[in-house]
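Novice: Before anything else, here's the structure in question.
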Amino acid sequence: MKKALSFLFSTSLMAVLILLFAFSIAVATFIENDFGTQTARAAIYNAWWFNLLLFTGIFNLTGTIIINRLYRKEKRSIFTFHLAFLLILTGAAITRFFGFEGYMHIREGDSSNRIISSDNYFMMSASSNGEHRSAEKKIYFSKMSGNYNKLDIKIDDQIIRAECLEIIPDAIEVAIQDASGKPVVELVVSATAGRQTVVITQDGPRIIGNLLFTLNDSSNSKGVDIQADENELKIKSPIDVTVMDMATQQVDTLETGGYHPLKLMSLYNLNGLMMVPRTFFPAGKLEVKTDENSRSEEMPDAVLIRISSGNGSRTLRYFAYENALNEPVNIVLNDVSIDISYGSKMVPVPFELMLTEFLLERYPGSNSPSSFESKIILTDHSAGIRENRRVYMNNVLKHKGYRFYQSSYDTDEKGTVFSVNRDYAGTFITYAGYLLLAAGIVFSLMNRNSRFRKLSAELDTIRQSGKQVLFSLLLLFSAAFPF
């Protein structure tokens, strides 16, 4: 036992920990460059073994200080160094487990008291006979692993289990031929979410923009239904559709109330939703894969989820964007209504911010922004506060432990985006560690018993010895070779 404690609180273990930390961070840097930040967090920074290194370092420093009584006056410089590193590691641990990051988007004239989290969550809620239950789990997915996670809810004497079986990052849907498959239609659409490829199958409806799309479902009276057989496609829409033949540039209008021919490689305008039918297979299937040519922030992640209860189960593919609120998908299983979602979540704050004006300045003769700021009203009813504030570069709004930074703005310059951080304790302790580290350097230079002073004295001795040897050599040289 004594040998184990001696090793746990030894400088040798601390040297090993420092090397492991350095190696892990170096590997994480390469992983982040090749696979993205989420993968680096999942594989390194949020791994159990990295947390073990962190806490082992804290215990090692604490034990070293106590056992070696480094708090004595003659050891103050060494004590300051050890205490500084202890505070830095402790601050990092507090930030890791209790810190919060997110963003807040506000339009001019609007107010908000909710923050969208930067972390992704796997969330499930269930309702049955007036009873409601929910569960969630923070997830850092990795492109290097399968990302299996699960949630369990007990409701109405049933165990509802949602399993995240797989996450495909930067996912696209592709229609491929399959002799044993069913009809599939591949559409290229452009709406508020940007350009994307959507595959419509008979397995279930798809929401594109604000329209419900189905395949071979004539009962869909409020959405867009596409009828497919072996020879042709037809479309029925609840709104008038403008279609342009890409080859001839001829424009036509498809009125509501009936089915019309749907032509491949023609441009369809459904009240602002632009759509081009690209591929149709009478017998095919949907395949989901990573788009290697896309930018990560533009493409959703495809999450394969299985929901089970008793002998019943359903498997679905859920498409979710990072750092965004994604609409939950609802299913009914064994008479239980279940909502499943993945992505950011709303976090309420105990005060409210109202954007009164957003100001943007540009460099003379250029459209490049030189500075931008937000004029806001901070309202905190519990503290009786209503104040005008300004947020711009290097001017941070601080209130109740939250820090709001001017991050971005809307393209029409009528809205602002704040990045939000809440980690007062972790930040304070870490900065205190940095301050003590600087103080330790000063103490080491001033302390007569410090290693620096001893090395300096030894160097002076060597220097004086060197001068005496040189003087003796000069005397010998002058005696041997008189001028």
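Novice: With a/c under 1.5 counting as rounded, go ahead and sort segment 143-205 into rounded, prolate or oblate using the C-alpha gyration tensor (a ≥ b ≥ c being the square roots of the eigenvalues; past the cut-off, prolate if a/b is larger than b/c, else oblate).
Specialist: Judged from the Cα gyration tensor, segment 143-205 comes out prolate (a/c at least 1.5, a/b above b/c).
Novice: With a 10 Å radius around each residue's Cβ, average the other Cβ atoms per peptide and rank 219-229, 5-15, highest first.
Specialist: Those peptides, ordered most packed to least, come out 219-229, 5-15.
Novice: Only loop residues by DSSP count here, and only those with at most 16 other Cβ atoms within 10 Å; note down the chymotrypsin sites (Phe, Trp or Tyr not before Pro) in segment 17-87 that meet that.
Specialist: TYR71
Novice: Distance between the C-alpha centers of segment 330-346 and segment 140-156? Whole Å please.
Specialist: Cα centroid to Cα centroid, the span is 14 Å.
Novice: Need one number for segment 178-221: average projected area of the convex hull over its C-alpha atoms, nm².
Specialist: For segment 178-221, the mean projected area of the Cα convex hull comes to 3.6 nm².
Novice: Per residue, how large is the accessible surface of the chain? Use a 1.4 angstrom probe and give square angstrom.
Specialist: 59 Å²
Novice: Based on the Cα atoms of segment 280-357, what semi-axes does the equivalent ellipsoid have, where each is the square root of 5 times one gyration tensor eigenvalue, given in whole Å with the largest first?
Specialist: 31, 24, 10
Novice: Turning to a different aspect of this structure: Principal axis extents for segment 337-393, Cα atoms only, whole Å, descending order, please.
Specialist: 58, 36, 16
Novice: Helix-only mean residue ellipticity at 222 nm, the chain, DSSP H runs n ≥ 4 weighted -39,500 (n - 2.57), per residue, nearest 500. What is it?
Specialist: After summing the helix terms and dividing by the residues of the chain, the value is -9500 deg cm²/dmol.
Novice: How many angstrom lie between the C-alpha centres of segment 101-117 and segment 162-188?
Specialist: 35 Å
Novice: Would you mind checking the pairs LYS222/LYS345; LYS236/LYS289; LYS375/LYS398; LYS345/LYS414; LYS375/LYS414; LYS137/LYS345 and listing those with alpha carbons more than 18 angstrom apart?
Specialist: Pairs exceeding the cut-off: LYS222/LYS345; LYS236/LYS289; LYS345/LYS414.
Novice: Over the alpha-carbon set of segment 197-297, divide Rg by the Kirkwood Rh and report the Rg/Rh ratio to two decimals.
Specialist: 0.97
Novice: If you don't mind, another one. Rounded to the nearest whole Å³, what is the per residue volume of the convex hull around the Cα atoms of segment 1-85?
Specialist: Measuring per residue, one finds 93 Å³ for the Cα hull of segment 1-85.
Novice: Subtract the Cα-Cα distance of ILE66 and ASP240 from 0.36 nm times their separation in residues, and report this length gain in nm to one decimal.
Specialist: 54.8 nm
Novice: Here is a follow-up. What Kirkwood hydrodynamic radius, in Å, does segment 45-108 give when the mean of 1/r is taken over all pairs of distinct Cα atoms and then inverted?
Specialist: For segment 45-108, inverting the mean 1/r across all distinct Cα pairs yields 13.8 Å.
Novice: While we're on this one: Restrict the search to segment 249-329; then list the GluC sites (Glu not before Pro) that DSSP places in a loop and that have at most 14 other Cβ atoms within 10 Å of their Cβ.
Specialist: GLU255, GLU292
Novice: Specify the inter-centroid distance of segment 33-50 and segment 58-77, based on alpha-carbon positions, in whole Å.
Specialist: With segment 33-50 and segment 58-77 each reduced to a Cα centre, they are spaced 33 Å.
Novice: While we're here: Once the mean 1/r over all distinct Cα pairs of the chain is inverted, what Kirkwood radius in angstroms do you read off?
Specialist: By the Kirkwood definition, the hydrodynamic radius is 28.5 Å.
Novice: Please find the FRET efficiency linking THR253 to GLU357, where r is the Cβ-Cβ separation and R0 is fixed at 45 Å, and quote it to the nearest 0.05.
Specialist: 0.55
Novice: Here's a follow-up. Of the heavy-atom accessible surface of the chain (probe 1.4 angstrom), what whole percent is carbon and sulfur?
Specialist: Within the chain, the accessible surface is 55 percent carbon and sulfur.
Novice: Now a separate question. What translational diffusion coefficient, to the nearest whole µm²/s, does segment 80-238 have by Stokes-Einstein, given a Kirkwood radius computed over alpha-carbon pairs, a temperature of 37 °C and 0.692 mPa s viscosity?
Specialist: 156 µm²/s
The values are calculated or read from the model by the stated rules, or taken from the named source; none is laboratory data. Keep in mind that this is a model prediction, so the values were computed, not measured. Backbone-built Cβ (ideal geometry, glycine too); neighbour counts: all protein chains shown. Please note that ligands, DNA and RNA were not included when accessible areas were found on the heavy atoms of the full protein model with its side chains. Shrake-Rupley method; radii C 1.70, N 1.55, O 1.52, S 1.80 Å.
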